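J.: This structure is in structure tokens; I'll ask about it shortly.
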């Protein structure tokens, strides 16, 4: 089904050829490196040299969990107007009931910001962020930066990157996105998917084959090959958006007549161009996917990479569920999480199905699901199916073509565009419930449960077709390939009047006289201090899981109602993973405030440290985690730590570039330590850290105090750009920009 090729490959005459077979001379290899779509797009946007890229994006996008903080940060740094089209969507908290007026207040702020600085504003429930950007902003050969990790429009010829908010701030202030030139991996598609197989099946198979190997981490995926012509644009977008879960940097696809028709249908054929790599084109590796061999997949809790074919899963369901159950109980710590009880007599019964968001809510996914359910029903016995079309234009076409009626008649609940099922702001199953969803993620407690309060439910990811087949079977897990239905669906059309009559389009038309609309929960960022001469840090949380997600660092769901109030939101940091973290961090912050007021740390701290520390020593907290930062791009995973006095992270490695960048942009030192051996309450003391960082050092000698014993250790930051060093020295990006 999927084959990984390590080492260089050439693409020529529609086929892949390994580098050690091609025998290309060096000059031809260098030319072939420049023949990829990736190279061409990056070159067109690069303001730096060929190795160290300084990229300027064509457009930006944010949703209502992130845009208030981004605009507040940029405003504090001197923002006058948006230099490129910036689209503010309202798809993440539009249906949240928690927090009173805070959601609507943020939306009012967003509209006022779009008017003041010259941006676009998409009202609540009109479209999820990525579908709107596909329909209205993507362009062949363009680059888009979004403050959401699933910012992926490669199937439309747009290279898109999901990053933390501070990277968008840099673009708003006419800065650049700085990275080393990424490696490029060919994703070679061949064959044609069988009936009942959808984009999520292909995507989950890709994630399962690559994630744990780190094969695609921080690389660009370039989709090529004869199989592309056998996929609709909706199908391609459904695969593309899930490439985020491989931890790749971005993606780009060859474009063809089907993509031209997409742009034409949306009234934007002028934004289309045919895009193909040169022959030969050189890639740093390859993934070969035989679409004809892909089977319906299921990704078991608690990660999209925990994926099996449904047939494979059912053959060993008790054993596979036992592992997931054990994982769940390690989170719950009360031994009461159950999954195996859902499997009886060779059948798995689930309690809920959801088809939603940027991955699941497409026209074709929902229309085909409706055909599977035509004349059937969802069982009326403990199983519920929720369907969220990803935009109002998609919703209208589904309704006009009769698919909404079919779904409703079958017992499905059809709702407006919303991202909540992807991150726990809606449709949380009952305790111990198991939901099957065509959404992007199924991390622990991302579905909205609260393990710290003794509750946990779980999500398994599947394609919309198999979700519908399961619904038609009353909640009994069923692959769509084993279900008889009519695959042919009616043609999609786009009604542009919906956006013409609802979206505020102010890009390039700033009105500086507009006053920003501030609700009572919208607060400025608290002051952050520059890096001190010497630094003492205390471990306030130690996480020993193999991977720590951003959802664990700052939970999503109802906590996001306070996203525009940094200090209030910070109280939720690690609340589901380490409930004592906030109290420990606040104590360190109070002790640092005492030092600033009195010139010395409290005697209780000095006695606890037990070693002599120099004057001019600042005090902060740190989190130690083996591999933090997988998942969401939300900057709050870092900013909440900083608001609570966080000064550093110490890790074996960082799961994603975007999380490491978030740390840096908030003035948090991204340390790596090869010998991970820390406990809560440990101290790390680093002399002359300011001068070392300023001089370009990447290795920092430190003293590790643990249980009264002192040992010398080495902490590393890895490569930092000159600007990144200055940001950390200044204390955060806001301070750096003010200077």
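The values are calculated or read from the model by the stated rules, or taken from the named source; none is laboratory data. Values in this document were obtained by computation on a predicted structure and should not be read as measured data. So basically every Cβ, Gly included, is an ideal-geometry build from the backbone, and we count neighbours across all protein chains shown.
J.: Among the residues of segment 689-722, how many are part of a helix (DSSP H, G or I) and farther than 18 Å from residue 648 by Cα?
T.: Filtering segment 689-722 for residues part of a helix (DSSP H, G or I) gives 689-694, 722.
Filter once more, so that each one left must be farther than 18 Å from residue 648 by Cα: 722.
Residues flagged as part of a helix (DSSP H, G or I) and farther than 18 Å from residue 648 by Cα within segment 689-722 amount to 1.
J.: Would you mind finding the one in 79, 95, 111 that is modelled with pLDDT under 95, under 17 Å from residue 516 (Cα atoms) and not assigned by TED's automatic domain parsing to the domain that holds residue 666?
T.: Only one candidate passes the filter, namely 79.
J.: Where residues in segment 338-359 are touching a strand residue (DSSP E or B) at 6+ places or on another chain (Cβ under 8 Å) and part of a loop (DSSP other than H, G, I, E, B), which of them is farthest from residue 129 (Cα to Cα)?
T.: So, considering only residues that are touching a strand residue (DSSP E or B) at 6+ places or on another chain (Cβ under 8 Å) and part of a loop (DSSP other than H, G, I, E, B), the one farthest from residue 129 (Cα to Cα) is 339.
J.: If I ask for residues that are outside any loop (DSSP other than H, G, I, E, B) and more than 30 Å from residue 675 (Cα to Cα), which ones from segment 490-548 would you list?
T.: Of all residues in segment 490-548, those outside any loop (DSSP other than H, G, I, E, B) come to 497-500, 504-505, 534-543, 548.
Result: 497, 498, 499, 500, 504, 505.
J.: Could you list, in sequence order, the residues of segment 698-718 that are touching a strand residue (DSSP E or B) at 6+ places or on another chain (Cβ under 8 Å) and either touching a residue at least 60 places away in the same chain (Cβ under 8 Å) or under 30 Å from residue 524 (Cβ atoms) (or both)?
T.: 703, 705, 710, 715, 717
J.: Might you let me know whether segment 689-708 holds any residue that is crowded, with 21+ Cβ neighbours inside 10 Å, more than 25 Å from the chain's Cα centre (by Cα) and closer than 25 Å to residue 570 by Cα?
T.: Within segment 689-708 (the criterion being crowded, with 21+ Cβ neighbours inside 10 Å, more than 25 Å from the chain's Cα centre (by Cα) and closer than 25 Å to residue 570 by Cα), the answer is no, since none of the residues qualifies.
J.: Something else: Tell me, yes or no, whether segment 551-563 has at least one residue that is at pLDDT below 90, assigned to a helix (DSSP H, G or I), in contact with a strand residue (DSSP E or B) (Cβ under 6 Å, 6 or more places away or on another chain) and assigned by TED's automatic domain parsing to the domain that holds residue 660.
T.: In the first step, residues of segment 551-563 are kept if they are at pLDDT below 90; the result is 551-552, 554-563.
Going one step further and asking which of them are assigned to a helix (DSSP H, G or I), we end up with 551-552, 557-562.
This time we only want the ones that are in contact with a strand residue (DSSP E or B) (Cβ under 6 Å, 6 or more places away or on another chain), so: 551.
Subsequent filtering for residues that are assigned by TED's automatic domain parsing to the domain that holds residue 660 retains 551.
Yes, that holds for at least one residue.
J.: Could you list all residues from segment 455-473 that are in a loop (DSSP other than H, G, I, E, B) and over 28 Å from the mean Cα position of the chain (by Cα)? Walk me through how you get there before you give the answer.
T.: Quick first cut of segment 455-473, residues in a loop (DSSP other than H, G, I, E, B) only: 455-457, 462-463, 473.
473, the sole residue that qualifies.
J.: What strands (runs of 3 or more DSSP E), lying completely within segment 151-239, carry at least 2 residues that are under 18 Å from residue 257 (Cβ atoms) and outside the structural domain of residue 370 (by TED's automatic domain parsing)? Give the derivation first.
T.: Numbers: elements: 159-162, 177-180, 184-190, 220-224.
Output list reads 220-224.
J.: Out of all the residues in segment 243-252, is one or more surrounded by fewer than 17 Cβ atoms within 10 Å (Cβ to Cβ) and outside the structural domain of residue 655 (by TED's automatic domain parsing)?
T.: Among the residues of segment 243-252, not one is surrounded by fewer than 17 Cβ atoms within 10 Å (Cβ to Cβ) and outside the structural domain of residue 655 (by TED's automatic domain parsing), which makes the answer no.
J.: Give just the number: which of (1) surrounded by fewer than 24 Cβ atoms within 10 Å (Cβ to Cβ); (2) under 28 Å from residue 569 (Cβ atoms) does residue 143 not satisfy?
T.: (2)
J.: Of these, 328, 382, 426, which one is touching a residue at least 24 places away in the same chain (Cβ under 8 Å), part of a loop (DSSP other than H, G, I, E, B) and surrounded by 21 or more Cβ atoms within 10 Å (Cβ to Cβ)? Working first, answer last.
T.: Details: 328 fails: part of a loop (DSSP other than H, G, I, E, B); 382 fails: surrounded by 21 or more Cβ atoms within 10 Å (Cβ to Cβ).
Unique residue meeting the criteria: 426.
J.: Can you tell which of 426, 360, 328 is assigned by TED's automatic domain parsing to the domain that holds residue 469, under 27 Å from residue 148 (Cα atoms) and at pLDDT 95 or above?
T.: On the way: 426 fails: at pLDDT 95 or above; 328 fails: at pLDDT 95 or above.
Exactly one residue qualifies, and that residue is 360.
J.: If you don't mind, another one. Filter segment 643-658 for residues that are within 24 Å of residue 583 (Cβ to Cβ) and in contact with a strand residue (DSSP E or B) (Cβ under 9 Å, 6 or more places away or on another chain) and give the result. Break it down into steps so the answer makes sense when it comes.
T.: Filtering segment 643-658 down to residues within 24 Å of residue 583 (Cβ to Cβ) leaves 643-651.
Passing the criteria: 644, 645, 646, 647, 648, 649, 650, 651.
J.: I need the full set of residues from segment 197-212 which are touching a helix residue (DSSP H, G or I) at 6+ places or on another chain (Cβ under 8 Å) and surrounded by fewer than 24 Cβ atoms within 10 Å (Cβ to Cβ), in order please.
T.: Listed by number, the list holds a single entry, 211.
J.: Tell me which of these residue 452 doesn't satisfy, since it passes every other one: (1) in a helix (DSSP H, G or I); (2) surrounded by 24 or more Cβ atoms within 10 Å (Cβ to Cβ); (3) within 26 Å of the chain's Cα centre (by Cα).
T.: With respect to (1) in a helix (DSSP H, G or I); (2) surrounded by 24 or more Cβ atoms within 10 Å (Cβ to Cβ); (3) within 26 Å of the chain's Cα centre (by Cα), residue 452 is out only on (2).
J.: Follow-up. Which residue out of 406, 435 is in contact (Cβ under 8 Å) with a residue 12 or more places away in the chain, outside any loop (DSSP other than H, G, I, E, B), over 22 Å from the mean Cα position of the chain (by Cα) and buried (at least 20 other Cβ atoms within 10 Å of the Cβ)?
T.: Working: 435 fails: over 22 Å from the mean Cα position of the chain (by Cα).
Checking each option against the conditions leaves just 406.
J.: Return the residues of segment 474-489 that are surrounded by fewer than 20 Cβ atoms within 10 Å (Cβ to Cβ), part of a loop (DSSP other than H, G, I, E, B) and in contact with a strand residue (DSSP E or B) (Cβ under 9 Å, 6 or more places away or on another chain); say none if nothing qualifies.
T.: 474
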